[in-house]
Each structure stands twice: as C-alpha cells, then as structure tokens.
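Everything below concerns the one structure shown next.
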Amino acid sequence: MLDFPQKLAIETWTLWSLGALLIACRMVSRRMRFRSWAKLQIEDWLMMVVSVTFTVCMVCLNEVAKNGSNFIDDETAASLSPAEVDMAIFGSKMALVMEINALSTIWLVKICLLILYHRLTVAYQRQHLLVKLLFGYCIVAYVLVVGLLLGFWCQPVEQYWALPAENSECATFYNHMIFATAFNISSDIFLLCVPIPIVIRSRIPMKRKIILCCVLGLGLLNIIMACLNRYYNFSNPNDLVYTYWYVAEICTCVYVGNIPLCWQFIAHVFKMGTWASFGSEQPQPPPIPPKQEQGARQERKRFIHSMLPASLWSTHVGGHGETTLRTRGDGPGAAPSRLSKTISEEAIMRHDDEEDIELQTRSIHQESRETNEQLPSRGIP
C-alpha cells in the first residue's frame, strides 16, 4: 500500500504534467499565431517564468511530504531522533520556499491574464479602467503578502525552520494564510468581472459565447480550490493532508491561465477550423492549396505595398491595431469603412487566423480591380 509521500507524488506530478502540457500548447499556439518566437508577447514570457516557479513549488512540496516539517505538536517534536530533526528542519525550509513560489505562481498568472484583458478591453472604457485598477491591486497585494510573510508574521525569519518554533505562526502560517487568501479570492472575483460581461454583450454566435463564458469562468475553480485548501489546513492542525488541496489550487491556477490561449493549437490538431468559423453558419472559403500558399503570400505583400498607398485609397492604422479604408472623396467627418473589427472583438473572435487574412485580402484585391476598371469612366486621373 502506498504511503502518504508516494500518493502525494503521484498526484503532484500527474497534475504538474497536465499544467506543463497546457503551457506548451499555449506557447505553440502563440507561435502559430505570430509566426515567430521573437514576436511572443510579454504575458507569454511571464508564463515561462510561471513554469519555473510552478515546478519549484511542486518539488518543494514533495520534499516537505518526505522530510516533514515543524508543523507538528511539541510532544512529537520532542520524540524525534537527531536525524529526524535534521529532516524536519530541511522540510521546514522547503515549506517556506514552496510558499514563496506558490504565491509567485498565482500572482504571475493573474498578471498574465490582466495583460490579455488590457488589450481585450480597449474599446470598453469601464472594463479597461477596472483592468488598470486590478493591475495596481495585484502588484500591491503580492508585495504586501510576501513582505509580511518574510518580515512581519514570524520574526526572526529563522524561526520558520526552528524545531520547535517559539511562535506557532512560524509553523502554521495561520495569519499569513488568512491574509493571502483574502487578497487571492477577492482578486479572482474582480478578474471574473472583466471578460464575461464583454462576451455576453458581444455580437458573436451563441455557441461561441457559451464556450467563452465557460472557459473564462474557470476562475470560479480557483476560488473553490483556495477555500478547500484553507479549510483542510485550518481544520486539520499538525497534519499534512492539506497538501493535496495545495497542489490542486496551484495547478488549477495554471490551467485557468493557459486554457483560453490554447485554441489555435487544439484546432490545428483536431482539424476544427478557425475560431471565427466555429459556431458560425456562414460558409467559409476553401483552404488555399499548399503549393499556392507561398505565392499567395508574396502576392498579398506586393498588393499591400502597391495598392494601399495609391492616390485613390488611403490607409490609416490606428493605435490599437485597427485598420480603416477611405476613398479620395471622403470628407474629414466621413465614417471609415473598417476592414477589421475593434481589437476587443478581434481578441474574442480570432480574426487574425490565416484563412481570414486570405479572405480579406481576396476581397480587397477584387474590389481594387473593379475600382481600377471604373476609373476612366469617372474621369479620375
């Protein structure tokens, strides 16, 4: 029969493997989208840092399970042999390192989501302001939680691995857990209030809307796991059974931060088409044969460079990645004909897939040819 460290190791590395797989899927999806590793965005690189803190946290957690810690009563501590005392001291040090890396993992994932939401909410003033406030809230919360952990709750810091600890807080982390959980759960609730209202109000097919709400609503699992972790921690003093839920909380956080950005890779593997076509009843254009793909790209580049700056058409690329197209006769107050949606809807509908780019280019090219044929009849030089 498996003992506690072995059971925990199986759970830990199984859940870690799933988290590492999701991070890898996210990176591949982003590489497919931007077509270059160098073009990955800041939240993608932060997620690579998360993969390190996530792994360190799992390693330290298993070391705590194997070696024990000072999270024991005085009678048990007095009965330990010198070798067991050394193991418990080492486990206590690993417990402190584990907690710091767990906090770093959780709050870095929140920052990654907020960077994504910052682009998603460009066209929504209220949500955009909320995202900016949440940035400050999360940064201040992380600094406070880690600062109090290392410099206030247990003094001197060496008491965290003292056996027995003079202050029970140095072994139980009781006040720290309450303080950190309050910030953790409150920030998760605020994070849920950013994307879901946008999705609900968006004009996308109901099927996609439901899927997006479910994926973005996975933050509820973070809240549930955090509550269960603290419940078992406080209700079972001097017992490491809470570590099962500790693992579940950290892994769930990593899952929630990466699942929304894995679609492109999943769609490619399972031949599900583009996100823009998913759940839509509109017919999609046939895919371009592989032999014609390179030629189509070169033709598109030549067309963009030769046609768009011409005298008949003028282009303006907005600060948020929005493209508009006007004719020469348009006045200053004329409404532009948009070639793409706002950045918020682009982030939801993923209209930057290659099939959609090809469709838009074909449409522009055809329209330009028709316009050039009509130029002599209009008397335009």
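The values are calculated or read from the model by the stated rules, or taken from the named source; none is laboratory data. Everything numeric in this text was worked out from a predicted model, so none of it was measured. Cβ atoms come from the backbone with ideal geometry, glycine included; neighbour counts cover every protein chain shown. Side chains included, ligands, DNA and RNA excluded: accessible areas come from the protein's heavy atoms. Shrake-Rupley method; radii C 1.70, N 1.55, O 1.52, S 1.80 Å.
Looking only at residues in the stretch 142-164 that are part of a helix (DSSP H, G or I) and open to solvent by 60 Å² or more (accessible area, probe 1.4 Å), the one that is nearest to LEU221 (Cα to Cα) is TYR142. Do we find that VAL52 is buried (at least 17 other Cβ atoms within 10 Å of the Cβ), under 22 Å from ALA226 (Cα atoms) and at pLDDT 90 or above in this structure? Answer is no for this residue. Only one entry of ILE106, ILE100, ILE115 meets the criterion of being within 22 Å of PHE183 (Cα to Cα), part of a helix (DSSP H, G or I) and open to solvent by less than 20 Å² (accessible area, probe 1.4 Å), and that entry is ILE106. Here is a check on your reading of the model: is LEU220 over 19 Å from TRP245 (Cα atoms) and surrounded by fewer than 17 Cβ atoms within 10 Å (Cβ to Cβ)? Taking the combined requirement at face value, the residue does not satisfy it. Within the stretch 69-88, the presence of a residue that is crowded, with 19+ Cβ neighbours inside 10 Å, out of contact with any Gly (no Cβ under 7 Å at 6 or more places or on another chain), closer than 28 Å to CYS138 by Cα and of a type outside the set (S, T, N, Q) is excluded.
Filtering the stretch 1-25 to residues that are buried (at least 18 other Cβ atoms within 10 Å of the Cβ) and in contact with a Leu (Cβ under 8 Å, 6 or more places away or on another chain) leaves LEU8, THR12.
Of TYR242, TYR232, all but one fail to be open to solvent by 50 Å² or more (accessible area, probe 1.4 Å), over 23 Å from ARG126 (Cα atoms) and modelled with pLDDT of 80 or more; the exception is TYR232.
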